[in-house]
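The values are calculated or read from the model by the stated rules, or taken from the named source; none is laboratory data. What you are looking at is a predicted structure, and each value in this text was computed from that prediction instead of being measured. Quick reminder, even Gly has a Cβ in these numbers, built from the backbone with ideal geometry, and neighbours come from all protein chains shown.
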Amino acid sequence: MTPFTFYPGPRVLNGAGRSGELVDKLPFGPVLFVTDADVRRFGLPDDLLAALESSGRAVTLFDAVEADPSKATLLAAVEQGRVAGAASVVGFGGGSPMDVAKLAAYLLGSGDELDSIWGVGLVRGIRLPLALVPTTAGTGSEATPVAVITVEGAEKRGVNSPALIADWAVLDAELTVGKPRALTAATGIDAIVHAVEAYTSAKAKNPLSDMYAREALRLLGANLLAACERPHDQDARSAMLLGAHLAGLAFANAPVAGVHALAYPLGGLHHLPHGLSNALMLRHVLAFNAEAAREHYAELAEVLEPDCAGQSNQSKAALLIERLDELVTASGLQPRLRDHGIAFEQAPLLASEAMKQQRLLVNNPVEIREEDARRLYEAAW
């Protein structure tokens, strides 16, 4: 067996209403609570905020996180935490608040400068205690050592280090119940892409990441449409939340690749939701990879459709691509770039921007050059 390294994720509290238990898991002292205005407006964090305040902790609420959070937003959160003398950090919401919380906890604890830690494995210091509570089933950010921030020029830059793995994650499906169909669909497809790309990652793919990726795909594939069509189906929501978490553990150890690399410019330049951006590029990148990843795609096809086991690997690989594309459409997402106001002529610019995502492109089963990326955007148009 090829040697590998696997980093387990945070300790997990799974079940309805368990976020209040974080009060006993965090050190006593001021808390920097990172969320966004929508999550705050819907009252989702109210119970946890009340529990923290009842414990005698001073809570500094930072709810200015936007989609695709900017460097300025992150630094503003860090400054509020510094002024408050934060002893711990809680990230509550989707991937954006959790990414900001992860980096804020690290920058506050270590004193490092943000621009010194971009990339993989450059974090050396110690962060503040950190807990993460996802309110969507998709990003898996509560499970991963990765945080992505939008910097100058709409470029997305990431920090990837085990130091960013949270101490605790709460998987409470009640926080995801009733979310709009478009959000459920986009975040669910995001999680599916995490599982598929981890399973086919050219770097660091290993038996443990494979195990998590397969189970994640099984849960997500079986429950995405139920969660979309029955927004208050707590069983489906719970399965989606666990599936997203397992997919996060998988890609935390076997990094994502071409789909994400080509999705990022759609978010950075056109402000499309991250999960939707992945959905738009999914079929085309998987088809581009199909020859190199045929065996792995065939194995994943059996996860979604066990009855296909007797078919050839080529047929199973094609089946996987077809089934995932059907899930995108059936979930209600519009699957073409033109559906979202992106002009065909944008393809060269998008391809140029995608080439900045070398930390992701190196994980793809086959090399994606700039001219390949341009053709993939044109195919997606």
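Could you grab me the full set of residues in region 341-353 that are surrounded by fewer than 16 Cβ atoms within 10 Å (Cβ to Cβ) and of a type outside the set (Asp, Glu)? Correct list: Gly341, Ala343, Phe344, Pro348, Leu349, Ser352. Number of residues in region 148-175 that are in a loop (DSSP other than H, G, I, E, B) and at pLDDT 95 or above: the value is 4.
On inspection, Arg323 qualifies as touching a residue at least 12 places away in the same chain (Cβ under 8 Å), in a helix (DSSP H, G or I), farther than 22 Å from Lys179 by Cα and of a type in the set (Lys, Arg).
Listed by first and then second residue, the pairs with beta-carbon distance under 7 Å, at least 6 apart or on different chains, first residue in region 277-299 and in the same structural domain as Ala263 (by TED's automatic domain parsing) and in a helix (DSSP H, G or I), second of a type in the set (Phe, Trp, Tyr) and surrounded by 21 or more Cβ atoms within 10 Å (Cβ to Cβ), are His296/Tyr199.
Against the conditions (1) within 25 Å of Val177 (Cβ to Cβ); (2) surrounded by 16 or more Cβ atoms within 10 Å (Cβ to Cβ), Leu74 satisfies every one except (1). Taking Thr144, is it surrounded by fewer than 24 Cβ atoms within 10 Å (Cβ to Cβ) and among the β-branched types (Val, Ile, Thr)? No: the conditions fail for Thr144.
If you go through region 300-314 and keep only what is touching a residue at least 24 places away in the same chain (Cβ under 8 Å) and either outside any helix (DSSP H, G or I) or farther than 13 Å from Glu197 by Cα (or both), you end up with Val303, Leu304.
Restricting region 160-186 to residues that are in contact with a Lys or Arg (Cβ under 8 Å, 6 or more places away or on another chain) and β-branched (Val, Ile, Thr) leaves a set whose member that is farthest from Gly43 (Cα to Cα) is Val170.
Within region 292-320, the residues that satisfy the criterion of being more than 12 Å from Gly221 (Cα to Cα) and crowded, with 21+ Cβ neighbours inside 10 Å are Ala293, His296, Tyr297, Ala298, Lys316, Ala317.
Report yes if some residue within region 234-241 is of a type outside the set (D, E, K, R), under 27 Å from Phe42 (Cα atoms), in contact with a strand residue (DSSP E or B) (Cβ under 6 Å, 6 or more places away or on another chain) and buried (at least 24 other Cβ atoms within 10 Å of the Cβ); otherwise report no. Yes, because at least one residue in region 234-241 is of a type outside the set (D, E, K, R), under 27 Å from Phe42 (Cα atoms), in contact with a strand residue (DSSP E or B) (Cβ under 6 Å, 6 or more places away or on another chain) and buried (at least 24 other Cβ atoms within 10 Å of the Cβ). Residue-level check: of (1) among the hydrophobic types (A, V, I, L, M, F, W, C); (2) within 30 Å of Leu269 (Cβ to Cβ); (3) crowded, with 18+ Cβ neighbours inside 10 Å, Ala173 misses just (2).
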